[in-house]
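Following: one structure in structure tokens, then a few remarks.
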């Protein structure tokens, strides 16, 4: 199965879900983008890793994991986003210790946060990009949210709020209306809504 390397394009605020963000990944040397909804804590951790000059007063969870792994000669070799099921992306870590490779299940947001700290590549399958990838007309306006160095109490993980009402409203729309909404969401850079619409279209046309 063909694999595609991904890079981080940016982070944006979710316009429809409190304490959530849209992580935008893009294929190397290609136009397709993969929007993934993540929580505020994970977005903060990823943002701090991207902004090299931001240093938290105490290690974040991903920093602690990295330090502990390195102290035992465990290295993260790559991250694989291997599955998409009902709008949820599933990933695993490929780690090496003393020449032995091990595969560890991980949330995609945690996997990306660790990939940044280990400076390792992120991959997905061609089939996932075909199913969930989108093409953006203009990426120049993408801006990362303003991040601050967290205190220890602010570093606690926040739970995401389910999007049942949003998903239910999309189910009542025709395919033509969904495609129109999809274009509008992309124009407004609302990648989280675009991902929900994409999932609804894929649900109706599973073989496309």
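Odds and ends about this structure:
- Screening the candidates 21, 75 for the property of being part of a strand (DSSP E or B), touching a helix residue (DSSP H, G or I) at 6+ places or on another chain (Cβ under 7 Å) and farther than 26 Å from residue 201 by Cβ yields one hit, 75.
- Between 102, 180, the distinction of being under 25 Å from residue 62 (Cα atoms) and either modelled with pLDDT of 80 or more or assigned to a helix (DSSP H, G or I) (or both) belongs to 102 only.
- Selection within segment 105-126: residues that are in a helix (DSSP H, G or I) and touching a helix residue (DSSP H, G or I) at 6+ places or on another chain (Cβ under 8 Å). The member of this set that is surrounded by the most Cβ atoms within 10 Å (Cβ to Cβ) is 113.
- Search result, residues across segment 31-62 that are assigned to a loop (DSSP other than H, G, I, E, B) and in contact (Cβ under 8 Å) with a residue 40 or more places away in the chain: 31, 51, 54, 55, 56, 57, 58, 60
- The residue list 70, 93 contains one member that is farther than 19 Å from residue 4 by Cα and either in a helix (DSSP H, G or I) or touching a helix residue (DSSP H, G or I) at 6+ places or on another chain (Cβ under 8 Å) (or both), which is 70.
- When residue 47 is tested against (1) surrounded by 18 or more Cβ atoms within 10 Å (Cβ to Cβ); (2) touching a helix residue (DSSP H, G or I) at 6+ places or on another chain (Cβ under 8 Å), only condition (2) is not met.
- Summed over segment 1-17, the residues that are modelled with pLDDT under 90 and either assigned to a loop (DSSP other than H, G, I, E, B) or surrounded by fewer than 16 Cβ atoms within 10 Å (Cβ to Cβ) (or both) give a count of 5.
- Each residue in segment 119-157 was checked for being at pLDDT 90 or above and over 15 Å from residue 6 (Cα atoms), and 1 of them qualify.
- Against the list (1) within 20 Å of the chain's Cα centre (by Cα); (2) over 22 Å from residue 195 (Cβ atoms), the condition residue 106 fails is (2).
The values are calculated or read from the model by the stated rules, or taken from the named source; none is laboratory data. It should be emphasised that the depicted structure is a prediction, and the values quoted were computed from it without experimental measurement. Note: ideal-geometry Cβ built from the backbone for every residue, glycine included; neighbour counts use all protein chains shown.
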